[in-house]
Amino acid sequence: MPNRTPLYDVHVALGAKMVDFAGWEMPIHYGSQIEEHHAVRRDAGMFDVSHMGVVDLHGARVRDVLRYLLANDVARLREPGKALYTCMLNESGGVIDDLIVYYMGDTWYRIVMNAATRGRDLAWFRRHGDSFGVAIEERDDLAMLAVQGPNARAKVHAVLGEQAGDAKTLGRFAAVDAGQDMFIARTGYTGEDGYEIMLPADDVEDLWHRLHAGAVTPCGLGARDTLRLEAGLALYGQDMDEDVSPLEAALDWTVAFEPADRDFVGRAALETQRAAGPSRELVGLVLEDQGVLRAHQRVLIDDGEGEITSGSFSPTLGRAIALARVPAGTGGRCRVEVRGRLLAARVVKPPFVRNGRAVIAL
């Protein structure tokens with residue numbers, strides 16, 4: 001039987017179409033994926049992301065183990081609540097998962113991981129954490145809401161008031177412990193400003209209803225996917241996985257090669273690949289003919305071919321877009337095989353949309 005978040009009954013009562021996602025029954029939409037997408041781009045929408053894994057790591061050597069396990073360097077985090085995005089790699093440089101790590105203190109870090117990989121991630125943390133004397137605490141007592149959009153922060157503060165603590169002063173990629181196990185982070189997965197709020201599972205239904213009454217639109221995973229694609233944000237299991245390195249997934253900026261004496265899992269493989277130059281790269285595509293771009297469609301260029309990893313219709317741009325893994329150095333134009341037809345597409349550098357506006361030529 002699939003897992004259910006604490007908001008399952010709320011989603012059903014709102015008429016959501018429920019689907020299986022990584023073993024969880026989740027809302028794909030509440031009637032119109034397009035309207036939900038536009039609500040986030042133009043105003044404020046909220047997502048139940050309680051299926052995501054949250055783990056707290058405690059111990060005197062927690063920084064040491066994370067500097068070894070993660071490609072980005074947590075030593076860069078010096079102020080409580082500051083966060084970074086990183087990949088966790090295997091020895092061959094492939095991505096086990098992409099994570100957000102919060103520095104809460106010298107002996108406490110919080111990590112948010114993907115639903116599909118949470119079991120594997122926890123086993124990996126425990127396997128290595130034991131030798132560093134680090135305690136691994138899975139926070140399955142917490143639920144999480146993502147409230148995103150140009151008016152999202154203002155609407156959250158209108159609902160929470162003083163309960164939000166110092167969240168108004170947060171910079172990007174930072175979080176505040178608001179007390180009573182409420183944790184508010186200025187992060188997201190839509191390309192818009194907003195918060196990701198962790199709180200006790202018993203309290204999340206009340207907050208959902210208060211936000212809904214405050215004109216925050218409930219949104220499902222369908223809109224979350226088109227929003228993140230427009231923002232050029234990679235999805236684990238599609239745009240990268242254990243056979244794809246960060247250098248091949250346009251995530252080289254998440255790898256801290258300095259200081260040179262920091263060893264981390266996968267470093268040797270990445271250095272070899274960097275020295276030779278990756279043979280493939282992740283690019284954006286904009287379809288110039290009529291059609292729909294989907295994952296696994298072939299991309300044909302003059303001297304080779306690649307494959308779409310994520311594709312959809314872009315509600316903001318009004319045309320089909322995609323991320324594709326292609327031979328390194330691919331540029332200009334290409335063709336995509338769609339149902340036996342070769343359709344013209346243009347290669348661009350993601351993102352496609354930022355702050356609700358197109359950042360590519362149409």
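Nothing in this text is a laboratory measurement; each read-out follows from the coordinates by a stated rule. As the structure is a prediction and not an experimental result, all values here were calculated from the model. Every residue, glycine among them, receives a Cβ derived from its backbone with ideal geometry; neighbour counts consider all protein chains shown.
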Check: Can you list the lysines whose alpha carbon sits under 29 Å from that of K349, skipping same-chain ones fewer than 8 residues off?
Finding: K82
Item checked: Rounded, prolate or oblate (a/c below 1.5 giving rounded, otherwise prolate when a/b exceeds b/c) for the range 167-208 by Cα gyration tensor -> oblate
Check: Using the Cβ atoms and a cut-off under 14 Å, what net charge is assigned to the surroundings of T330, where Lys and Arg are +1 and Asp and Glu are -1?
Finding: +1
Next item on the list: Among A39, L211, G15, pick out the residue whose Cα is farthest towards the positive end of the charge dipole of the chain, where Lys and Arg carry +1 and Asp and Glu carry -1 on C-beta, about the Cα centre.
Entry: A39
Notebook entry, point to check: Rg to Rh for the chain: what is it, with Cα atoms only and Rh by Kirkwood?
Noted result: 0.96
Next item on the list: Count the net charge of all other residues whose Cβ sits under 11 Å from the Cβ of L84, scoring Lys and Arg as +1 and Asp and Glu as -1.
Entry: +1
Notebook entry, point to check: Among K82, K17, what is the fewest-to-most ranking by other Cβ atoms within 10 Å?
Noted result: K17, K82
Check: Tell me, what is the FRET efficiency for R210 and R76 to the nearest 0.05, using R0 = 35 angstrom and their Cβ-Cβ distance as r?
Finding: 0.45
Item checked: Computed Kirkwood radius, in angstrom, where 1/r is averaged over Cα pairs of the range 234-362 -> 15.6
Next item on the list: Along Cα→Cβ, 7 Å out, is where each label goes; now give me the distance between the ones at L300 and M1 in nm to one decimal.
Entry: 5.1
Next item on the list: Please state the charge dipole magnitude for the range 189-233, taken about the Cα centre, from unit charges on C-beta atoms (+1 on K and R, -1 on D and E), reported in debye and rounded to the nearest 20.
Entry: 160
